[in-house]
Structure formats: C-alpha cells, structure tokens
Amino acid sequence: MIQKICSKKRILFITTKNLDYIRNVQEINLIQENASEYIVIGSHSKSYFRRLLWVYFRLLFMKVSCFELVWIGFAPQLIFPLFWKFKKKIIIVDFFISLYDTLCYDRRVIKSGSLIGKCLYALDKATLNRADYVICDTNAHGEYFIREFQVSPEKLFTLYLQADTSIFYPRLNERPQFLKNKYVILYFGSILPLQGVEIVLKAIDLLKTCEQLFFFFIGPLNDSLRKSRPMSENIQYIDWLSQEKLAHYISWSDLCLAGHFNKEVEKASRTIPGKAFIYQAMGKEMILGNNPANRELFARDEKVIFVEMGDEKALAKAILTRLTDKD
C-alpha cells in the first residue's frame, strides 16, 4: 500500500539519521523504485547535531512546491517545527521511535509526568496527528501508537526492517584455531536497556565453565557491567566491530542471541531486534524473546528458539539444549 501511495510522485525524503543507516537505505530504495522523481536531504556526518543543522539549513532555503509527497525518516519529531513548509503536501513519517516512550520508559532519563515528559508526549502526538500516513516497524508498535496517542488505524502501515544483504549473507569462513571443536554463541548490540544485556551476561555466567561452549559478546559495556561481567577462557568481549568484520564473527557462530530479553521495558515486546534480521539473512540459528512483535514474523523451527524474557536460566537452558541436540 505504501508503494502505491508513492507511485509516480515527486518525493522529498528527509532524515536526521546518518544516510547509510539501514532504515534510511531501505526507505530510499523503496522511494527510488516507485517515485517519478525524488530528492534526499540528509547527511553522512557522524555528529547528530551537525546532521540536524544541515537538514534545517537545506529545508529553510529550498522551495518544496514542486514535491507532491514529503517522507520524513528517523525521528520526524525533530523536523516538526518545519512542517509549516509542507502545507498541501502528503506527509509520511517513519515513527520508528516515540521520543516520549524512549526517554521516559525505555531509557528512563525523564519522568513521564514531568514538564519535559509532557512536552515530549505533546510533540509525539502533534507529529502523528499532522502526518497523513505513519510507518511503524511492527504491528505491535502500531497498536501502541493507537492506544497511547489515539492514532487513526487507517494511517498506519508496517514496514519491517531489513538486513543489508550486501554485507550480511550466508557464508563459510574458516574458523580460527581456538574455536575448533567449540559450539560458538554470539551476542552483539549497542547495549540499550530494552535489549536485556544483564540477562545475557547472567546466562553466560551460568555456562562459563562449560568447555564445549565459546561466547562472543560484542558491544560497549558501561562501567558497572564491565566490573561484574563473567570472566572465563571461553568468553571474549569486543567493544566494537565494523559491519564487515561483524559478519565474519557471525559466520563463525553456531547460535546467535537476538532478544529482546528485558521483561521490564514494555517497548522490548513491541519491537523486533534488528540483529534478528541480520542473523536470518546469514542463515543462522537464533534465540528470540517470546513476545508479540517477534511472533509477527518468526515461528519456532529448526532455526528459531523462543525463550521467556527476563529469565537468564531459561536462556542458559535453551543454549544447552541446542548444544545437546547437536551432539
């Protein structure tokens, strides 16, 4: 349906996220396939502030009268002050995140009842109300927008994430010698609260003495987690890898941990972790949190295991069960 809305139209695509961000790439490709003409306003800068300044500068001084449709990607709330320029235009927003939900309930850096919390709620709602169409990443997230912000269901369209298959695809890379005869488990992430990193680390701690297993944990730990992380010859911690290098490590793995595993953050049950699409693209077996969002696209089979969220023992048991099945 969203392809039909875009068909043969002159489209202006705006994003404050870096242009090579996979969601931007996905949406620009969709526009490219369907629009008669299109222009992209965005930046490759690593600084969010610089990207935002560049987008505002371009929009303030460009004529938009020639466009029929304006598509605003990641965080359209940040562009809302310039929506006055888009009068009589069809507006599509990718509501990938709610600022209110993310900062008040996911990151928990702002109280929902505070003045700032109320302002974030108002900004989210105003952005959703002004848009003609709203893209969300899962049906479960869309249901939240309906419930929390009273969005009309007719406005909503689900566009699932995709992996970059130019980087992440099935491959056979020879393992290093230290991984020979090991069952390799991999987890990677940016260590956001909803991911449930603590659950992953506790599960690893329960299994750290199992000599048949080897764990790769890829992601930047904060000081508290770094001090309490389990240590063993069977665990390797890596702060960061390029996408290409990450693909090599995934190719060495037998089982990948996708999540989300945090049971306390409601958003964790409404979103499918981006890493799940990467593991799927590479043909890897994975463990997912048992929640409505994951169930939209995935079913239990030889490649997918569901575990209860917030339960490190259940996660550890699932890993051991998979190891036993392979023996």
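The values are calculated or read from the model by the stated rules, or taken from the named source; none is laboratory data. Fair warning: this is a prediction, and the values are worked out from it, not measured in the lab. Heads up, the Cβs are rebuilt from the backbone with ideal geometry, glycines too, and the neighbour counts pull from every protein chain shown. Heavy atoms of the whole protein, side chains included, go into the accessibility calculation; ligands, DNA and RNA do not. Shrake-Rupley method; radii C 1.70, N 1.55, O 1.52, S 1.80 Å.
Mean sequence separation of contacting Cα pairs (under 8 Å, at least six apart), scaled by the length of the range 238-309, corresponds to a relative contact order of 31 percent. Taking the Cα centre of the chain as reference, the dipole from Cβ charges on Lys and Arg (+1) and Asp and Glu (-1) amounts to some 1120 debye.
Rolling a 1.4 Å probe over the heavy atoms of the protein chains gives the chain an accessible area of 49 Å² per residue.
A 23 angstrom limit on the alpha carbon distance is what I want to check against. Which of Lys63/Lys89; Lys182/Lys313; Lys17/Lys111; Lys263/Lys313; Lys85/Lys125 exceed it?
In this structure, Lys17/Lys111 lie more than 23 Å apart at Cα.
So what's the convex hull volume per residue for the Cα atoms of the range 1-89, in Å³?
So the per-residue hull volume is 90 Å³.
Here the spin labels are modelled as points 7 Å beyond Cα on the Cα-Cβ line, and at Arg175 and Glu68 they lie 5.5 nm apart.
Each Lys and Arg adds +1 at its Cβ and each Asp and Glu adds -1 at its Cβ; summed about the Cα centre, the range 1-151 shows a dipole of about 580 debye. Amide H contacts of Glu285: Cys256, each under 5 Å away and 5 or more positions distant or on a separate chain (H built 1.01 Å from N in the peptide plane; Pro and chain starts excluded). Here the accessible area of the range 215-290 is 45 percent carbon and sulfur, with a 1.4 angstrom probe and all protein chains present. Less than 18 Å apart at the alpha-carbon level, and either on another chain or at least 8 residues along: which aspartates and glutamates does that give for Lys202? Once the sequence-local aspartates and glutamates are set aside, what remains near Lys202 is Glu211, Asp223, Glu233, Glu264, Glu308, Asp311, Glu312. The trypsin sites (Lys or Arg not before Pro) of the range 150-230 that DSSP puts in a loop, and whose beta carbon has at most 12 other beta carbons within 10 Å, are Arg171, Lys180. Its Cα gyration tensor gives the range 11-57 an equivalent ellipsoid. The semi-axes, each the square root of 5 times an eigenvalue, are 20, 12, 5 Å from largest down.
Computed from phi, the 3J(HN,Hα) profile of the range 52-60 under the Karplus parametrisation 6.51, -1.76, 1.60 (θ = phi - 60°) reads 5, 4, 4, 5, 5, 4, 4, 5, 5 Hz, with x in place of Gly and Pro. I need the calculated FRET efficiency for the pair Ala126 and Met1, taking r as the beta carbon distance and R₀ as 22 Å, to the nearest 0.05. It comes to 0.35.
Remark: the Leu82-Glu264 segment gains 61.9 nm on full extension, using 0.36 nm per residue and subtracting the alpha carbon distance. Pairs exceeding 32 Å between alpha-carbon atoms, taken from Lys208/Lys245; Lys88/Lys267; Lys46/Lys267: Lys88/Lys267.
In summary, the lysines within cross-link reach of Lys180, defined as a Cα separation below 16 angstrom excluding same-chain residues under 8 places away, comprise Lys326.
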